[in-house]
1. Considering only the range B:47-59, I want to know if a residue exists there that is closer than 19 Å to A:V115 by Cβ and either within 10 Å of chain A (Cβ to nearest Cβ) or in contact with a Ser or Thr (Cβ under 9 Å, 6 or more places away or on another chain) (or both).
2. Condition first: within 8 Å of chain B (Cβ to nearest Cβ), part of a helix (DSSP H, G or I) and of a type in the set (A, V, I, L, M, F, W, C). Now tell me which residues in the range A:207-250 satisfy that.
3. If we scan the range B:68-79, do we find a residue that is over 29 Å from B:I172 (Cβ atoms), within 7 Å of chain A (Cβ to nearest Cβ) and out of contact with any Gly (no Cβ under 7 Å at 6 or more places or on another chain)?
4. When you look at A:A86, is it over 29 Å from A:I225 (Cα atoms), in contact (Cβ under 8 Å) with a residue 40 or more places away in the chain and either assigned to a helix (DSSP H, G or I) or not assigned by TED's automatic domain parsing to the domain that holds A:A194 (or both), yes or no?
5. Please state which one of B:I177, B:I202 is hydrophobic (A, V, I, L, M, F, W, C) and under 21 Å from A:P22 (Cβ atoms).
6. So is B:F91 at pLDDT 80 or above, at the interface with chain A (Cβ under 9 Å from one of its Cβ atoms) and surrounded by fewer than 23 Cβ atoms within 10 Å (Cβ to Cβ) or not?
7. Select from the range B:215-266 the residues that are surrounded by 15 or more Cβ atoms within 10 Å (Cβ to Cβ), at pLDDT below 90 and of a type in the set (S, T, N, Q) and list them in ascending order.
8. Taking the range A:76-113 as the region of interest, how many residues are closer than 18 Å to B:P18 by Cβ and more than 9 Å from chain B (Cβ to nearest Cβ)?
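The values are calculated or read from the model by the stated rules, or taken from the named source; none is laboratory data. From a predicted model like this one, the values you see are computed outputs, not experimental measurements. A quick note on method: Cβ atoms are made from the backbone with ideal geometry, for glycine too, and the neighbour counts reach across all protein chains shown.
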Amino acid sequence: MLVHSRWARRAVQAVFFLLFLPVFALPFLVVLAASFATDWSGALPSGLTVTHYQDIAQGDSLTALTTSLVTALAASLIALAVGTWAALAAERLPRRVRRVVDALFMLPVAVPSVVVGLSLLVAFSEPPLLLNGTREIVVIAHTVLVTAFAHQSVTAALTRLDPAYEQSAASLGARPSYVLWRVKLPLLLPSLTAAAGLCFALSMGELSATMMLYPPDWLPLPVKIFGTTDRGALFAGAALAVVLMVATLAVLLGVSRIRTRASYR
Amino acid sequence: MLWVVPPLAVLALTFLYPLTLVVRQADGYGEVFRQASFRDALWNTVVIAVGATAGALLLGFVLALVIAFVPFPGAKSLSRFIDIFLAFPSFLITLALLFVYGSRGMANGLWTDVTGNGTGPFDFLHTPWGVLLAEVTYFTPLVMRPLLAAFSQVETAQMEAAASLGARAPRIVRQVILPEALPALAAGGSLVLVMCLNEFGIVLFTGAKGVTTLPTLIYGKAILDGDYTGACVVAVVNVLLSAALYGLYRLLVARVTKGGARRAGA
């Protein structure tokens, strides 16, 4: 305990909330409030309405939501498979080689997402691999961007794993593939689902690389939000942002339920 | 040994090979470097990134300090909330700030309500200050996470000893807590610096014609002007800048973890 007198502690906590609430809580509250409003010229928004949500339910915003969900699902599943595979394979490599492999897989984090988009545009704009203007190139970009996070969390989980389990399984005659499927992956399941949730959330909100690549018929929700607010429809954009946040939160919550169920097993 | 080849091949085809193509296609550096728009963007990027990092470090340090050492009921769920915060895209912050400080927003609305004037005084969102505020808000949690981990390692006995010897809270923070937190501050700070250098969504949503950074310049050149070669030049500069700083970050993290292991072993 750093501050002993009760009065001083109260004062410190008051300062904390004075900093914390405007900075972290207010953004979500104002977006939520604005999504139900038509104007904000006073201290509080005015013109209470649900028309923005009705518009979403009818218009092509719903398509944008499904586009985002499908992209995020595909990207996070591929990223999870590639990242887990790489982490498992790298574990057996000599220390020095493993360092290089880990660094290579983490590299996309350091490279600006816009550059990842640009590089795909440059690489796949001509035959034999003509992907520019397809939906696949968006999924590829998202996968490249989130694989690093999948790889990182699986690698971290592997170092925490007790080697006694696989050793005893192997000493009882289990083949490596059996050990992998029946011992290692089940033990890794909590981290795998957590990684999947993170990848999904990041892909749902990805804007930078998507802005470089999206074809007209594959327009994810963040791009739609940008288009809406850019033409001045701020309140409709706020409603779309709420939809994005709720969809992301729902998936994260669902994934964390899988995690707790798995950990009881 | 061979098992690592398939994922590496995927990475090489979708990331490493395209990146080398960007480097190869970048041409006419001198011409791009002479453009005022490029120099403006470079200057903006660096200044905003450094400013946002400093702000995030300061704010993150104060907030983490309170959560760790002046705990209150619910402090734990707050750190949970911070994790969720990071799962949301950055441009939401800019969107929210539009409703707080924008011309149609809470702060200006409050002002006009109270004073009766037609317009409010807050008009900084479309300047570099708006980008700075959004980046500080969004990236502060990245500083708080390693700090909270570092703070949980601080021996309470040390603090008690310092306090019983007559040190007041500010001095304990300066002489006991801060030295322990320095590696975490360095690690979190350099990560935030890299993220700020690469930030695109916040700057794009700010919609400021006057605020161009390297990522938005790349987007403008490639998509709006169709100038891939120029975009590649800016991309190479941006990558070099962030990669250098990211290397620094990994180095610092390695030192932090090594230091932690040494302390645990001692």
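1. For the range B:47-59, residues closer than 19 Å to A:V115 by Cβ and either within 10 Å of chain A (Cβ to nearest Cβ) or in contact with a Ser or Thr (Cβ under 9 Å, 6 or more places away or on another chain) (or both): present.
2. In the first step, residues of the range A:207-250 are kept if they are within 8 Å of chain B (Cβ to nearest Cβ); the result is A:207-208, A:211-212, A:222, A:225-226, A:229-230, A:234, A:237-238, A:241, A:244-245, A:248-249.
If we keep only those that are part of a helix (DSSP H, G or I) as well, we get A:208, A:211-212, A:222, A:225-226, A:229-230, A:234, A:237-238, A:241, A:244-245, A:248-249.
Those that are within 8 Å of chain B (Cβ to nearest Cβ), part of a helix (DSSP H, G or I) and of a type in the set (A, V, I, L, M, F, W, C): A:M211, A:M212, A:I225, A:F226, A:L234, A:A238, A:A241, A:L244, A:M245, A:L249.
3. So the first thing to find is which residues in the range B:68-79 are over 29 Å from B:I172 (Cβ atoms), and the list is none.
There is no residue in the range B:68-79 that is over 29 Å from B:I172 (Cβ atoms), within 7 Å of chain A (Cβ to nearest Cβ) and out of contact with any Gly (no Cβ under 7 Å at 6 or more places or on another chain).
4. Values: over 29 Å from A:I225 (Cα atoms): yes; in contact (Cβ under 8 Å) with a residue 40 or more places away in the chain: yes; either assigned to a helix (DSSP H, G or I) or not assigned by TED's automatic domain parsing to the domain that holds A:A194 (or both): yes.
For A:A86, the condition - over 29 Å from A:I225 (Cα atoms), in contact (Cβ under 8 Å) with a residue 40 or more places away in the chain and either assigned to a helix (DSSP H, G or I) or not assigned by TED's automatic domain parsing to the domain that holds A:A194 (or both) - is met.
5. Working: B:I177 fails: under 21 Å from A:P22 (Cβ atoms).
Checking each option against the conditions leaves just B:I202.
6. On the way: at pLDDT 80 or above: yes; at the interface with chain A (Cβ under 9 Å from one of its Cβ atoms): yes; surrounded by fewer than 23 Cβ atoms within 10 Å (Cβ to Cβ): no.
When the stated conditions are applied, B:F91 does not pass them.
7. B:S242
8. 1
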